[in-house]
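Everything on this sheet refers to the single structure shown next.
The values are calculated or read from the model by the stated rules, or taken from the named source; none is laboratory data. This is a predicted model, so every value here is computed, not measured. A quick note on method: Cβ atoms are made from the backbone with ideal geometry, for glycine too, and the neighbour counts reach across all protein chains shown.
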Amino acid sequence: MFEKVIYLDNNATTRVCDEAINQMLPFFGEKYGNPSSMHNFGGDVGAYVKKAREQVAGLVGASDPQEIIFTSCGTESSNMALRGLTDPRKKHIITTKVEHPCVLNVAKHLEKNHGYEVTYLGVNSEGLLDLDEFKDSINENTALISVMWANNETGVIFPVEQLAGIAKEKNPEVLFFVDAVQAAGKVPINVKDTRIDMLSISGHKIHAPKGIGAIYIRKGTLITPFMQGGHQERGRRGGTENVAAIVALGAASEQAVKYLEDEEVRIKQMRNRLERGILENSFNARVNGSRFKRVPNTTNISFEYIEGELILLHLSDLGICASSGSACTSGNLEPSHVLRSMGIPFTAIHGSIRFSLSRYTTDSEIDYVIEKVPAVINKLNSISPFQSELRELKEIKTAMKS
Amino acid sequence: MWEYTEKVKEHYKNPKNVGSMEDADAIGEVGSITCGDALKLYLKINNNGIITDAKFQTFGCGSAVASASILTEMLIGKTVEEAEKITNQDIADLLGGLPEQKMHCSVMGREALEDAIASFKGETTEKKVKGKIICGCFGVTDDKIKEVIRENTLNSVIEIINYTKAGGGCGKCKDELQKILNEETSKRNNGKKEKPLTKTQLILKVNKILESNVAPELRKDGGDIELIDIEDNKIFVNLQGACKNCPSSNLTLKNFVENILKEYIGENIEVVEA
């Protein structure tokens, strides 16, 4: 089954890069010390944690490495930002309808159990926010704004730097948190030049292992620790440091900075070629989300009138790994909340497939996928009960071509 | 990733009898694109009432394709009377089973078959859609829900969702589903006294529900739960961890734990802190 794997599901998780693996291994072996220890054996390990903190600070452009706190994952980072609010008088949170569940479900929890009022901003058919609506939603009671940098399903980018500016201008006290899990390593991030207060990243989305994440918290930002315990992370996140994973995250962050240009040029070209190849050869394919304001590695393509899980199963048999916003893949009967918020018609929503590339993707893999996908889609089109609708789509497409 | 049987895989990879039929004697249609699955079934029926050919087209996942594909194989050669007796469980069984959450795919096969036979017998469309809509999200009627509860001996709202999709969208109709379920189970129990569970069976069942549906929720808030004993209709449990000293532990017991157990086992129970 694993003879040939073409992994185009990098927004789900990524392969750990060699640099991260090599640098983390000694910490399972001879360098097992606790960085908090008084003796040199532990203290030496602390130096590696310090270096990793600097590397992560470099990835997000923090002015001081102390602004980086290591967590167990992106979800923990989001929880920390949302649950850490300190001012009991301010009970308003603003977020968007297309956030990851690690923000949406925490916001719903705060709404239901802690007396918060939450504004969920909608998006247009391109997946973009209305800036005026955003500005209008901010008031003096707004404690926190939580907006993702890039969407995990569509790759669509929100102008978070601009949004942070707008927010602070209207209410300087508001906290601005950015879920940058899908943006880190794909677009340049420079928090020190923005008015963002907090920003989360996840290791396994940037070629570090699973089980490690981080949050940037700007100096002077008041947050109640979510994970209480010892003095680690300067008292902001208790628990003995996951040294090996932290070192790996540092190494992966350094690599991510090096590969930023690769993302912008080579990966983007491959993504565009894949997208064009599929659209040209499958008449019922359409792209979901803005094609311009988007991270370079992601494309979300709907195949109208056929169902996503079935497509994934057939692609998987060809060794191609992707994912879908279809209801059937989740065990949930409702399809993707992101695509529904964008008003994508149901004819397309159930047949949405996300391909997400990485630095390990090759041109020959893209060739293979461009060759195989239209064949699978044609086969599955013939099973669809919506034959007359499909014929109509085909006619429109042919007319447009000529 | 779903765990599909080899039989399911065989059928979605190479489905049998795909396509439409120009001269079909009966056509059955269920589902819609909004709901995420739809099935169209075509039957050729000869003068002796024997189904000589069957074809299908479907919009759905792997298990929907497999269910429809195997259904057409089951149908060819059967009389209409024999075909009428095919249940969704027969379809699922022949596939070597389906994941619980995918049982509605087998129900869809059975519904399309019913619809086809009704059209063959000349029943009008109005007559075909029976009952009132309970689940607006997926357009499921009370008659359909009752029928599926009866045919599959369903005992919980969650099972109703898995088999019919009703209640799986916004979830507003769950109370009504519970009411229908209560009516159906009491009818079932009056009709033929079901053999009650032995104490051991009941303990096993309660333990399984606590482990898979209750404990994970409590653990999210740092708590946990343990089954201590069962006496008659009283279920004795121990709340642990954060739940132990939580001021709302009684609420948790009554509103959350008891409700879930009632959903699975029946109304006639009480959860008590041991």
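So is A:Ile246 more than 24 Å from A:Ala81 (Cβ to Cβ) and within 20 Å of the chain's Cα centre (by Cα) or not?
Considered against the rule, which asks whether it is more than 24 Å from A:Ala81 (Cβ to Cβ) and within 20 Å of the chain's Cα centre (by Cα), A:Ile246 comes out as no.
What are the pairs with Cβ atoms under 6 angstrom where one residue, in region A:171-200, is modelled with pLDDT under 95 and the other, located anywhere, is buried (at least 23 other Cβ atoms within 10 Å of the Cβ) and of a type in the set (Lys, Arg)? Sequence gap at least six, or different chains.
Correct list of pairs: empty, since none qualify.
Which ones in region B:208-234 are in a helix (DSSP H, G or I), more than 22 Å from the chain's Cα centre (by Cα) and surrounded by 13 or more Cβ atoms within 10 Å (Cβ to Cβ)?
B:Ala215, B:Glu217, B:Leu218, B:Arg219
With the structure loaded, tell me whether A:Ser125 is surrounded by fewer than 22 Cβ atoms within 10 Å (Cβ to Cβ) and polar (S, T, N, Q) or whether it fails that test.
yes
Picking from A:Gly203, A:Gly235, A:Gly185, A:Gly213, which residue would you name as being within 26 Å of A:Ser364 (Cα to Cα), assigned by TED's automatic domain parsing to the domain that holds A:Thr154 and not basic (Lys, Arg)?
A:Gly185
For (1) at pLDDT below 95; (2) within 30 Å of A:Asn297 (Cβ to Cβ); (3) in a loop (DSSP other than H, G, I, E, B), each residue gets a yes or a no:
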position	(1), (2), (3)
A:Leu129	no, yes, yes
A:Asp132	no, no, no
A:Lys135	no, no, no
A:Asn139	no, no, yes
A:Leu144	no, yes, no
A:Val147	no, yes, no
A:Glu153	no, yes, yes
A:Leu163	no, yes, no
A:Ala167	no, yes, no
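Going residue by residue through region A:30-40, is there one that turns out to be under 19 Å from A:Arg359 (Cβ atoms), outside the structural domain of A:Leu312 (by TED's automatic domain parsing) and assigned to a helix (DSSP H, G or I)? Spell out the reasoning first.
Restricting attention to region A:30-40, the residues satisfying the condition of being under 19 Å from A:Arg359 (Cβ atoms) are none.
No; the residues of region A:30-40 include none that is under 19 Å from A:Arg359 (Cβ atoms), outside the structural domain of A:Leu312 (by TED's automatic domain parsing) and assigned to a helix (DSSP H, G or I).
Using the structure shown, decide if A:Leu279 is out of contact with any helix residue (DSSP H, G or I) (no Cβ under 7 Å at 6 or more places or on another chain), closer than 28 Å to A:Ser384 by Cα, more than 14 Å from chain B (Cβ to nearest Cβ) and hydrophobic (A, V, I, L, M, F, W, C).
yes
Just to be sure I understand the filter: pairs with C-beta atoms under 9 Å, separated by 6 or more residues or on different chains, first member in region B:158-169 and more than 15 Å from B:Gly139 (Cβ to Cβ) and within 10 Å of chain A (Cβ to nearest Cβ), second member assigned to a loop (DSSP other than H, G, I, E, B) and of a type outside the set (Asp, Glu). Which pairs pass?
Final answer for the pair search is B:Asn162/B:Pro99; B:Asn162/B:Leu154; B:Asn162/B:Gly168.
Give all pairs with beta carbons closer than 7 Å in which a residue from region B:217-231 that is under 14 Å from B:Leu253 (Cα atoms) meets a residue that is of a type in the set (Gly, Ala, Ser) and surrounded by 14 or more Cβ atoms within 10 Å (Cβ to Cβ); count only pairs at least 6 apart in sequence or on separate chains.
B:Gly223/B:Gly241; B:Gly223/B:Ala242; B:Asp224/B:Ala215; B:Asp224/B:Gly241; B:Ile225/B:Ala215
Filter region B:9-29 down to residues that are within 22 Å of the chain's Cα centre (by Cα) and at the interface with chain A (Cβ under 10 Å from one of its Cβ atoms) and give me whichever is nearest to B:Cys61 (Cα to Cα).
Filtering region B:9-29 for residues that are within 22 Å of the chain's Cα centre (by Cα) and at the interface with chain A (Cβ under 10 Å from one of its Cβ atoms), the one nearest to B:Cys61 (Cα to Cα) comes out as B:Tyr12.
Looking at region B:136-184 only, could you name the residues that are in contact with a Gly (Cβ under 7 Å, 6 or more places away or on another chain), farther than 23 Å from B:Asp93 by Cβ and either surrounded by fewer than 22 Cβ atoms within 10 Å (Cβ to Cβ) or at pLDDT 85 or above (or both)?
Those that are in contact with a Gly (Cβ under 7 Å, 6 or more places away or on another chain), farther than 23 Å from B:Asp93 by Cβ and either surrounded by fewer than 22 Cβ atoms within 10 Å (Cβ to Cβ) or at pLDDT 85 or above (or both): B:Cys137, B:Thr141, B:Asp142, B:Asp143, B:Val157, B:Cys173, B:Lys174, B:Leu177.
Within region A:327-335, does at least one residue satisfy the condition of being of a type in the set (Ser, Thr, Tyr), assigned to a helix (DSSP H, G or I) and facing another protein chain (nearest Cβ under 10 Å)?
Yes, region A:327-335 contains a residue that is of a type in the set (Ser, Thr, Tyr), assigned to a helix (DSSP H, G or I) and facing another protein chain (nearest Cβ under 10 Å).
So which strands (runs of 3 or more DSSP E) are wholly in region A:212-304 and hold at least 3 residues that are under 30 Å from A:Ile370 (Cβ atoms) and either of a type outside the set (Ser, Thr, Tyr) or touching a Phe, Trp or Tyr at 6+ places or on another chain (Cβ under 8 Å) (or both)? Steps first, answer last, please.
Working: elements: A:213-217, A:285-287, A:298-303.
Because the criterion is at least 3 residues that are under 30 Å from A:Ile370 (Cβ atoms) and either of a type outside the set (Ser, Thr, Tyr) or touching a Phe, Trp or Tyr at 6+ places or on another chain (Cβ under 8 Å) (or both), the strands (runs of 3 or more DSSP E) in region A:212-304 that meet it are A:285-287, A:298-303.
Scan region A:225-235 residue by residue and report those that are under 25 Å from the mean Cα position of the chain (by Cα) and surrounded by fewer than 20 Cβ atoms within 10 Å (Cβ to Cβ).
Once the filter is applied, which keeps residues that are under 25 Å from the mean Cα position of the chain (by Cα) and surrounded by fewer than 20 Cβ atoms within 10 Å (Cβ to Cβ), region A:225-235 yields A:Pro225, A:Phe226, A:Met227.
Six or more apart or on different chains, Cβ atoms under 8 Å: show the pairs whose first residue is in region A:258-272 and without any contact (Cβ under 8 Å) to a residue 40 or more places away in the chain and whose second is of a type in the set (A, V, I, L, M).
As it stands, the answer is none, since no pair meets every condition given.
Exactly one condition in (1) buried (at least 17 other Cβ atoms within 10 Å of the Cβ); (2) within 10 Å of chain B (Cβ to nearest Cβ) is not met by A:Val295; state its number.
It fails just one condition, (2).
Restricting to region B:29-44, name every residue that is touching a residue at least 24 places away in the same chain (Cβ under 8 Å) and farther than 18 Å from B:Ile70 by Cα.
B:Gly31, B:Ser32, B:Ile33, B:Cys35, B:Gly36
Can you tell me which residues in region A:348-402 are basic (Lys, Arg) and away from chain B (no Cβ under 14 Å)? Walk me through how you get there before you give the answer.
Step one: filter region A:348-402 for residues basic (Lys, Arg), giving A:354, A:359, A:372, A:379, A:391, A:394, A:397, A:401.
A:Arg354, A:Arg359, A:Lys372, A:Lys394, A:Lys397, A:Lys401, listed by residue number.
Residues in region A:66-74: is at least one assigned to a loop (DSSP other than H, G, I, E, B), aliphatic (A, V, I, L, M) and assigned by TED's automatic domain parsing to the domain that holds A:Asn141?
Looking through region A:66-74, none of the residues is assigned to a loop (DSSP other than H, G, I, E, B), aliphatic (A, V, I, L, M) and assigned by TED's automatic domain parsing to the domain that holds A:Asn141.
Looking only at residues that are at pLDDT below 95 and within 22 Å of the chain's Cα centre (by Cα) in region A:298-311, which one is nearest to the other protein chains (Cβ to nearest Cβ)?
Taking the candidates together, the pick is A:Glu309.
Given the criteria assigned to a helix (DSSP H, G or I) and surrounded by fewer than 22 Cβ atoms within 10 Å (Cβ to Cβ), does A:Thr86 qualify?
No.
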